[in-house]
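The block underneath contains the structure these notes are about, expressed in structure tokens.
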Amino acid sequence: MTFAIGVSLLLIMMVLAVPIGFALGIAGFVSLNMLVPMSVLQAIMGKVMHETLANSVLLTIPMFILMAEFLSCGGVATDLLMACNRMLRRVRGGLAMACIVAGAIHAAATGSSTASAASLARASFPAMMKAGYAPSFAVGTISIAGTLAIMIPPSVSFVIYGIITETSIGKLFIAGIIPGLLTALGYIVTISITLKLKPKLGPDAIDEQRVATEQRGGTVWPMILLIFIVLGGLYSGVATPTEISAIGAAGALVLSIMSRRMDRNDFMGAVSGTLRITSMIMLIIVSSHVVGYFISITHITNTLLGWIAESGMTPTVVMLIVVLIYLILGMFMDQAAVLILTAPISTPLMVGLGFDPIWWGVIMIKTTEIGLVSPPLGLVVFVTSSVTRTNLYSSFKGIIPFLIAEFVTLGLLLAFPILTLWLT
């Protein structure tokens, strides 16, 4: 009964548009107050605040976000696109494919999908319009390319999941490599198939070669070097994820300064944007830990496991039901909120049913990736549509072929866990 009251209170505040960080904290505090004395509750709150904010791993979040902000205002995405476009200029749909490749490379040096999508939109949309792409298809391509930052390491979402569930962040990063590359490959195949079925959505190869030939400058090597430093330092064990995130942010700052496209206002905008996003995430994490104590005291996970055992459902059926719930939640809720709100419940449940927590983390991130472009919320589509000033309905229409590819990739990851766990 207490659990139902706590969940109802949370849902009511969400309907009233209370920010998710405050809603989680208030619901957790009120619910705990119904179960333990105030003196115990005060001790729990003090412990949560100290253990959460004193965790040095949390520093990776603002550093990765700052790295994404610096690269965005430094015009690195523009350089990436021009370099990738020259490599693919002889292929039909080459500019759209170049956007996906640039998105994958950009994702390997940042951890923010919204920042990546905004950067790619500013760099790609004018060139795609000039080449002759349909606006809806162009926005769909840019939006889906931006989502790669949530899967390809280093990903802020993996850091959040690792902190909440006490799972190795390094292993999560490694586990995300193959799913991320498989996802990017699926997007490229989708572009090729879509343009064959609907030629009017894009130009022919000759027009794309013309646009690519007119472009000058742009190099991929600075970004490759930054990726090598970040991922090489992380996987070699030379530095911790926290140290690597700081090195990456410093490297992104150097690249942006060297590009001579970041002025003082851009720098201050990057720092203020990082502070704003980080403050929101930190509040949500602290509040989620309060809710986590409430869930632990109510023993809801053990209750669910017992109910599943009595129902006769197999672990696979339960897992598929939970995945479907995540896909539905992603259509209506912020992805960080879904992850932080549900991971403390779903992860112990999946582990109790015999599933690997690393694999389940990747599946959770994959469902949130799909949610980033699923209507009606589709945060990344909103960002791309806003930057490109494109009709929102048209933007969501352009994402449909890529959503099909997303579900195919999700099916492969569910059917073959080795794709996720092979490198770990």
Need pairs with beta-carbon distance below 7 Å; first residue touching a residue at least 12 places away in the same chain (Cβ under 8 Å) and within the range 168-179, second of a type in the set (Lys, Arg) and crowded, with 23+ Cβ neighbours inside 10 Å; sequence gap 6+ or separate chains.
Pro179/Lys366
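Out of Ala134, Ala138, which single residue is under 20 Å from Met82 (Cβ atoms) and among the small types (Gly, Ala, Ser)? Before the answer, list the steps.
Numbers: Ala134 fails: under 20 Å from Met82 (Cβ atoms).
Sole residue among the options that is under 20 Å from Met82 (Cβ atoms) and among the small types (Gly, Ala, Ser): Ala138.
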Could you please let me know if Ile163 is at pLDDT 85 or above, open to solvent by 10 Å² or more (accessible area, probe 1.4 Å) and aliphatic (A, V, I, L, M)?
no
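Identify, please: which residue in the range 287-307 is under 20 Å from Leu339 (Cβ atoms) and either without any contact (Cβ under 8 Å) to a residue 12 or more places away in the chain or not aliphatic (A, V, I, L, M) (or both) and is, among those, surrounded by the most Cβ atoms within 10 Å (Cβ to Cβ)?
Just the residues of the range 287-307 that are under 20 Å from Leu339 (Cβ atoms), to begin with: 287-296, 300-301, 304.
Filter once more, keeping what is either without any contact (Cβ under 8 Å) to a residue 12 or more places away in the chain or not aliphatic (A, V, I, L, M) (or both): 287-289, 292-294, 296, 301.
Details: Ser287: 25, Ser288: 28, His289: 24, Gly292: 19, Tyr293: 20, Phe294: 25, Ser296: 12, Thr301: 18.
Checking each candidate, the answer is Ser288.
Residue under question is Ile340, and the condition is that it be among the β-branched types (Val, Ile, Thr), closer than 21 Å to Met282 by Cα and in a helix (DSSP H, G or I); does it hold?
Details: among the β-branched types (Val, Ile, Thr): yes; closer than 21 Å to Met282 by Cα: yes; in a helix (DSSP H, G or I): yes.
For Ile340, the condition - among the β-branched types (Val, Ile, Thr), closer than 21 Å to Met282 by Cα and in a helix (DSSP H, G or I) - is met.
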Tell me which residues, restricted to the range 391-411, are closer than 14 Å to Tyr187 by Cβ and open to solvent by 40 Å² or more (accessible area, probe 1.4 Å).
Ile400, Ile404, Phe407, Val408
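Could you tell me whether any residue of the range 328-345 is in contact with a helix residue (DSSP H, G or I) (Cβ under 7 Å, 6 or more places away or on another chain) and hydroxyl-bearing (Ser, Thr, Tyr)?
Just the residues of the range 328-345 that are in contact with a helix residue (DSSP H, G or I) (Cβ under 7 Å, 6 or more places away or on another chain), to begin with: 329-331, 334-341, 343-345.
Subsequent filtering for residues that are hydroxyl-bearing (Ser, Thr, Tyr) retains none.
No, because not a single residue in the range 328-345 is in contact with a helix residue (DSSP H, G or I) (Cβ under 7 Å, 6 or more places away or on another chain) and hydroxyl-bearing (Ser, Thr, Tyr).
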So in the range 131-150, with the set limited to residues that are closer than 10 Å to Gly103 by Cβ and among the β-branched types (Val, Ile, Thr), which one is farthest from the chain's Cα centre (by Cα)?
Thr141
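Quick one: in the range 91-111, which of the residues that are in contact with a Phe, Trp or Tyr (Cβ under 8 Å, 6 or more places away or on another chain) and within 19 Å of Thr194 (Cβ to Cβ) is modelled with the lowest pLDDT?
Going residue by residue through the range 91-111, those that are in contact with a Phe, Trp or Tyr (Cβ under 8 Å, 6 or more places away or on another chain) are 95-96, 100, 110-111.
In the following step, the residues that additionally are within 19 Å of Thr194 (Cβ to Cβ) were identified as 95-96, 100.
Values: Leu95: 83, Ala96: 87, Ile100: 90.
Selected residue: Leu95.
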Return the residues of the range 230-264 that are open to solvent by 40 Å² or more (accessible area, probe 1.4 Å), in a helix (DSSP H, G or I) and farther than 15 Å from Leu71 by Cα; say none if nothing qualifies.
Tyr235, Glu243
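With the condition being more than 25 Å from Ile340 (Cβ to Cβ), I'd like the helices (runs of 4 or more DSSP H) fully within the range 111-166 carrying at least 1 qualifying residues. Full working, then the answer.
Numbers: elements: 113-131, 135-146, 156-165.
Passing ranges, in order: 113-131, 135-146.
Return yes when Thr388 is more than 22 Å from Val338 (Cβ to Cβ), in contact (Cβ under 8 Å) with a residue 40 or more places away in the chain and either β-branched (Val, Ile, Thr) or surrounded by 22 or more Cβ atoms within 10 Å (Cβ to Cβ) (or both) and no when it is not. Can you show your working first?
On the way: more than 22 Å from Val338 (Cβ to Cβ): yes; in contact (Cβ under 8 Å) with a residue 40 or more places away in the chain: yes; either β-branched (Val, Ile, Thr) or surrounded by 22 or more Cβ atoms within 10 Å (Cβ to Cβ) (or both): yes.
Yes: the conditions hold for Thr388.
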Assess whether Leu349 counts as being open to solvent by 30 Å² or more (accessible area, probe 1.4 Å) and either more than 25 Å from Ala17 (Cα to Cα) or in a helix (DSSP H, G or I) (or both).
no
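To keep it simple, each residue is scored yes or no on (1) within 21 Å of the chain's Cα centre (by Cα); (2) modelled with pLDDT of 90 or more; (3) closer than 21 Å to Ile160 by Cα.
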position: Val338; (1), (2), (3): yes, no, yes
position: Leu341; (1), (2), (3): yes, no, yes
position: Ile345; (1), (2), (3): yes, no, yes
position: Pro348; (1), (2), (3): no, no, yes
position: Gly361; (1), (2), (3): yes, yes, yes
position: Ile365; (1), (2), (3): yes, yes, yes
position: Thr368; (1), (2), (3): yes, no, yes
position: Leu421; (1), (2), (3): yes, yes, yes
Report yes if Val373 is in a loop (DSSP other than H, G, I, E, B) and open to solvent by less than 30 Å² (accessible area, probe 1.4 Å), otherwise no.
yes
Could you list, in sequence order, the residues of the range 265-286 that are more than 26 Å from Gly25 (Cβ to Cβ), small (Gly, Ala, Ser) and open to solvent by 10 Å² or more (accessible area, probe 1.4 Å)?
Gly269
Take the residues in the range 52-90 that are hydroxyl-bearing (Ser, Thr, Tyr) and open to solvent by 30 Å² or more (accessible area, probe 1.4 Å), then tell me which one is modelled with the highest pLDDT.
Ser56
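The values are calculated or read from the model by the stated rules, or taken from the named source; none is laboratory data. Computed from a predicted model, the values in this text were never measured in an experiment. Cβ atoms come from the backbone with ideal geometry, glycine included; neighbour counts cover every protein chain shown. Remember, those area values only see protein heavy atoms, side chains included, never the ligands or the DNA or RNA. Shrake-Rupley method; radii C 1.70, N 1.55, O 1.52, S 1.80 Å.
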